[in-house]
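First comes the structure, then the notes that go with it.
Values quoted throughout were computed directly from the atomic coordinates according to the rules given, and no laboratory measurement underlies them. Note that the structure is predicted; figures quoted are calculated from it, not measured. A quick note on method: Cβ atoms are made from the backbone with ideal geometry, for glycine too, and the neighbour counts reach across all protein chains shown.
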Amino acid sequence: MNMSSVSTVCTLVVLALSARLLMFAAAQLKRQAVSRRHMLSWALLGVALNTVLPEGGGLASPVPGGVGFVKSVFAMAMGACLLLPLYALKLLRITDVMLMAMVGAYLGPNCALAVLLCSFVMAGVLAAYLICRTRSVGAFVNNIQELLMSGFFKMMVRDMPPIGGSPAPTPKLPFGVAIAAGTVLYLTMSPDLQILFMLRLGPA
């Protein structure tokens, strides 16, 4: 497969990934159930593509190509592990964790970290919008503080009885929307801007 063909395949895959992420985001906004099996199959497809394509810097890299089986699986695991603490604190859904793992499987470890950073930026924008819309800054901050303290004590002392009752339930931020927006934001950046968000984990 020549360089032009590899570049075309990578571009098509990235476009398909972006479209799929936007569909997942739309489903989350509509509060529709997202199939975990479907997300896992897409993640495994990303690993397969990175394995069979000629070696390169990644599907979204200026030097298009696969990052290989090991790096793709590592990026998938890394994407999930970085969000698991927030899932353990009940701030995210398991589908958010799986969505970030799926992105990592396609884009590789270097780009996955950059996308995660962009996703947190977009999550901050989304959270600010939701807080301003509902005008519940105080309640939101208090509930988040109680959830974080509760999670900390549960890690320190297992089965510790709740003090002062359980905190009021806090609506989970639709982080899947932030991941989709952060991924599209990163992919549409110029290479110079992408470098600002990218943390190198060894050779690309």
Using the 10 angstrom Cβ neighbour count as an exposure proxy, how do T8, T95 rank, fewest first? T8, T95
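Can you pull the percent of Cα pairs in the range 4-114 with separation above 20 Å? If you can, show how the numbers build up before the last one.
Numbers: 2326 of 6105 pairs.
Across the range 4-114, Cα pairs with separations above 20 Å total 38 percent.
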Order 43-54, 12-23 from most to least packed using the mean count of other Cβ atoms within 10 Å. 43-54, 12-23
Quote to one decimal, in nm, the extra length available between V63 and L117 on full extension: 0.36 nm per residue of separation minus the C-alpha distance between them. 17.2 nm
Around G57, which amide H atoms from residues at least 5 apart in sequence, or from another chain, sit under 5 Å from its own amide H, with H modelled in the peptide plane? V63, G65
With θ set to phi - 60° and the Karplus curve 6.51 cos²θ - 1.76 cosθ + 1.60, what are the ³J(HN,Hα) couplings of the range 108-114 in order, to the nearest whole Hz, using x for Gly and Pro? x, x, 5, 5, 5, 5, 5
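Going by how many other Cβ atoms sit within 10 Å of their own, how do C111, C81 line up, fewest first? Don't skip to the answer; put the middle values down first.
Working: C111 26, C81 13.
Result, fewest neighbours first: C81, C111.
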Give the order of K71, K30 when sorted by the count of other beta carbons within 10 angstrom, beginning with the fewest. K30, K71
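With the alpha-carbon atoms as the only input, what is the per residue convex hull volume for the range 64-139 in Å³?
Numbers: hull volume 6.9 nm³, N = 76.
With only Cα atoms used, the range 64-139 gives 91 Å³ per residue.
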